[in-house]
Amino acid sequence: MKTKDKNMEKKSSKKVMLVVKVALVICLFVLIIDIFFVLYTKNKQDSKKTFFESLNSYVLMDQSYYGVGSSNMDDNGYEKATLYKYDSNYKLLWEKRFKSKYNSTFYNIVEDGDFLLAVGSYEKTKEENEEKLRTAVLVKYNKDGEVLFKKDLQILGNSKFVNLLVLDDGYVVVGQSIYANNVLGNDDSGGAIIIKYDKDGKEIWRQNTGGNKSGLFNSVIQDGDYLYAVGKDATRYGMIAKYTLDGEKEKAVSYAKTDTIGFSNIVKFGDQFICVGAKKIKEDDEYDHDIDGLLVAYNSNLEKTNEVTYKDTKKGLERFNDIIVDKDNLIVVGHEAVVDKENSTSKEYVYNYRSFILKFDSSLKKKEEIIYKENLDDYFTDIKLVKGKYLVSGYKKYKFNKYKTFFVHYSRDFK
């Protein structure tokens, strides 16, 4: 009887062990499936998401290059305004992220002695993040990337600083503060914004112009006792405005019609002021499928004296982003959009971008051009004459859905 009971116990134990083993195998199988599903889902999401590091502007200081832009290579996936430092061979030495919980970006950087100043925008609060709104920001750094002060601006709900100018007694900052898309109002304190701060970040004066739904200043320069700012007055209407150094507006004129950015930069060339941007070609082109690179010349009274457009293809999108003066020539960088037919529809075009550098003479006649053909999707953002060469910054695709910053230089004879 005892032997029989022992045999039964052994059989029962074996059954229990078999059940346990089967259960473990099933659990392990389910775990593997779950892990595979999570990895598959993440990889699928990552394949749809674009990862980027952008370089929007740079300066040369003490044989190093400092640049600003943004990156979403953060663990939480937010876009973060970034200050970069490169050595003389364009190798990245370090990068400093702007401290914000949500999305942010820097558009421009300038130097002031031993200091750096960056302008941009960020989602300051959870509400701004949820509503996709921004607060304008000016940040002053030392050469080690340490923040010396930060100045915010918020007027109508969606604000950004885009560019700035260093004066002997302060900084002139330009940008915009407009209503959100779903908000209507008659507040006349927003639109294109121009502000002067002293060297410690105290506001000296402020002016605004243009529509409270789209007014924008993209750039500003000084010529003698006046400031000249460019951007847009309203959607697809470029604008150039003239101010005294005390912030009094002398005059503003609009240009019909540009793309939705308006004039993106301005330089003094002889006795003329040259604005760059893009021209809308057809009035009924609702989605801006056909625009050309644009140069417009004004005199000091803001009277238009000349204009030229540039098209590289029979039909497409060309835009001039930046411009510098080199003796008797104008050097322009921009991009051309190439339609991605596979992913485009009749109403919504998807583009890949190809950058170019152009040379114009004093009559705005094109002399030379180079198309950057290393990548199909790349952006030229800034150009300066450095050590006798044109140094261009930007960002370009290097993998299926990833972009990185880069520099490329050209000789003055475009070699």
Residues of the chain: accessible area per residue at 1.4 Å, in Å²?
-> 51
Between LEU330, LEU148, LEU227, which gets the highest mean-square fluctuation from a Gaussian network model of the chain, Cα cutoff 10 Å?
-> LEU148
Counting only protein heavy atoms and using a 1.4 Å probe, what share of the accessible area of the range 301-415 belongs to carbon plus sulfur, as a whole percent?
-> 46
Once the Cα atoms of the range 268-415 are picked out, what are the Rg and Dmax in Å?
-> 16.1, 49
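State to the nearest 20 debye the size of the charge dipole of the chain about its Cα centre, where the only charges are +1 on K and R beta carbons and -1 on D and E beta carbons. Present the calculation step by step, with values, prior to reporting the outcome.
On the way: 67 positive and 63 negative charges, 593 e Å.
It works out to roughly 2840 debye.
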Over the range 107-162, with every protein chain in place, what whole percent of the accessible area is carbon and sulfur at 1.4 Å, could you tell me?
-> 43
Would you grab the residues whose amide H sits under 5 Å from the one on LYS257? Only those 5+ places off in sequence or on another chain, please, with H modelled 1.01 Å from N.
-> LYS280
Please state, rounded to one decimal and in Å, the Kirkwood hydrodynamic radius that the chain gives when every pair of distinct Cα atoms enters the mean of 1/r.
-> 23.6
Kindly give Rg over Rh for the range 95-199, based on alpha-carbon atoms, with the Kirkwood expression for the hydrodynamic radius.
-> 0.99
Loop GluC sites (Glu not before Pro), the range 194-250 (other Cβ atoms within 10 Å of the site Cβ: 12 or fewer; DSSP) | GLU248
Could you give the angle, 0 to 90 degrees to the nearest 10, between helix 2-48's Cα long axis and the longest principal axis of the Cα atoms of the chain?
-> 10
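With each run of n ≥ 4 DSSP H residues scored as -39500 (n - 2.57), what mean residue ellipticity at 222 nm is computed for the chain after dividing by its residue count and rounding to the nearest 500 deg cm²/dmol? Intermediate values should be presented prior to the final figure.
Values: 2 runs with 53 residues, N = 415.
Here the helix-only value at 222 nm equals -4500 deg cm²/dmol.
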Length-normalised contact order of the range 99-223, Cα under 8 Å, at least 6 apart, in percent, tallies to 19
Using packing as a proxy for protection, rank 338-347, 56-65 so that the peptide with the highest average count of other Cβ atoms within 10 Å comes first.
-> 56-65, 338-347
Most fluctuating residue of VAL308, VAL350, VAL119 in a GNM of the chain with Cα springs under 10 Å: which is it?
-> VAL350
From the phi of every residue in the range 243-256, what ³J(HN,Hα) in whole Hz does the Karplus formula 6.51 cos²θ - 1.76 cosθ + 1.60 yield, where θ is phi - 60° and glycine or proline is x?
-> 10, 6, 5, 8, x, 7, 7, 8, 5, 9, 10, 10, 10, 10
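The values are calculated or read from the model by the stated rules, or taken from the named source; none is laboratory data. Bear in mind that the values here come from a model prediction, so they are computed numbers and not experimental data. For neighbour counting, all protein chains shown are included, and Cβ atoms are generated from backbone atoms with ideal geometry for every residue, glycine included. These area figures cover heavy atoms from the full protein model, side chains too; ligands, DNA and RNA do not enter into them. Shrake-Rupley method; radii C 1.70, N 1.55, O 1.52, S 1.80 Å.
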